[in-house]
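One structure is given below, encoded as structure tokens.
The values are calculated or read from the model by the stated rules, or taken from the named source; none is laboratory data. All figures in this text were calculated on a predicted structure; none of them were measured in a lab. So basically every Cβ, Gly included, is an ideal-geometry build from the backbone, and we count neighbours across all protein chains shown.
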Amino acid sequence: MSLLSRWRSRRDARRSRRARFRFLRRKNCGDCGHPFLEHGADADQDAGDRACAECVYEIDHGFRTEPPCCRPIPADVLRGADAAAAMPRRSRRDDGGVRVTVASLGAPSPSTLREATAAMQWGIAAPRDVIAVAADLLATGMVAESLTALASLYPDATAPDVFDLSSRALVEAGGRPLDRDDEEVSILALRAACKGYQAGQIRLHVFFSWVHERVGHDGPDAAQPLVEFDDELDARKASDLRNGPDAARLVADFLTVTR
């Protein structure tokens, strides 16, 4: 094997490993709330008896009193990590290329923070986006201990830490806590994506294909018109320009129904 071939082989191996890590970092354990990356990142190794490294860290530093989570990484998550590692470079992102910015969510408010947090949970916004919303809320005069702590986090803070602080801040503001596994998170994340679409951040076919893939026909009832429109797009074979008015109406209807 030539030197160039060996270099390419090592480069591809590193790229695949990073893709696996990124996938597991975005998939959170339903028991402890930490990314499955902390439960053992290598799918080809036995992770059945591994304690969550983030839980161990919290215990060592006095942030946690209960035993560390030892939940194995689910088989479907491991398969997803394998698939991400095997994908070509341009298609590895499991968010389907859908990203939203804080600006598209509207003026800073507790509801904006709620949507940004759900969008982060779905991988279409970053932790730093939620932190930015918290900072904007502080600038409007809203004062809460958890909100201040959230706005003070470093931009590279982990999604679980941001999620927990954001949920506490919402409770302190008089709202309900966020539940990672509740249908509300799906609705809120989809609302954030719809606003990103309205702001021109996501192309029409990319957006509806992502909704179909991520939400599916078993998802929330309010989202089904968006899911079914992707099926129609396959049959219509029309341009984004011609489908634009119908798409805009469906997105606006969803935002109205879920307000």
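What about Pro155, is it surrounded by fewer than 19 Cβ atoms within 10 Å (Cβ to Cβ), over 30 Å from Arg64 (Cα atoms) and not acidic (Asp, Glu)? Before the answer, list the steps.
Values: surrounded by fewer than 19 Cβ atoms within 10 Å (Cβ to Cβ): yes; over 30 Å from Arg64 (Cα atoms): no; not acidic (Asp, Glu): yes.
Taking the combined requirement at face value, the residue does not satisfy it.
Name the residue that is farthest from Glu58 (Cα to Cα), counting only residues in region 4-27 that are modelled with pLDDT of 75 or more and among the basic types (Lys, Arg). Write out each step before concluding.
Looking only at region 4-27, we keep the residues that are modelled with pLDDT of 75 or more, and these are 17, 20-21, 23-27.
Narrowing further to those that are among the basic types (Lys, Arg): 17, 20, 25-27.
Numbers: Arg17: 26, Arg20: 24, Arg25: 18, Arg26: 20, Lys27: 19 Å.
It comes out as Arg17.
For region 169-178, check the following and say yes or no: at least one residue is β-branched (Val, Ile, Thr) and farther than 15 Å from Glu115 by Cβ.
Of the residues in region 169-178, the ones β-branched (Val, Ile, Thr) are 171.
After this cut, where a residue has to be farther than 15 Å from Glu115 by Cβ as well, the list is 171.
Yes, region 169-178 has at least one match.
Which pairs turn up if I take residues in region 119-142 that are not assigned by TED's automatic domain parsing to the domain that holds Phe163 and look for partners that are hydrophobic (A, V, I, L, M, F, W, C) with beta carbon separation below 6 Å, at least 6 apart in sequence or on another chain?
Close Cβ pairs satisfying both conditions: none exist.
With Cys69, Cys55 as the choices, which residue is touching a helix residue (DSSP H, G or I) at 6+ places or on another chain (Cβ under 7 Å) and at pLDDT 85 or above?
On the way: Cys55 fails: touching a helix residue (DSSP H, G or I) at 6+ places or on another chain (Cβ under 7 Å).
On inspection, the qualifying residue turns out to be Cys69.
Across region 28-49, which residue is modelled with the highest pLDDT among those that are out of contact with any Asp or Glu (no Cβ under 9 Å at 6 or more places or on another chain), outside any helix (DSSP H, G or I) and surrounded by 16 or more Cβ atoms within 10 Å (Cβ to Cβ)?
For region 28-49, the residue satisfying everything is Asn28.
Just a yes or no: is a residue in region 236-246 farther than 15 Å from Ala119 by Cα, at pLDDT 90 or above and surrounded by 13 or more Cβ atoms within 10 Å (Cβ to Cβ)?
Looking for residues that are farther than 15 Å from Ala119 by Cα, at pLDDT 90 or above and surrounded by 13 or more Cβ atoms within 10 Å (Cβ to Cβ), one finds at least one in region 236-246, hence yes.
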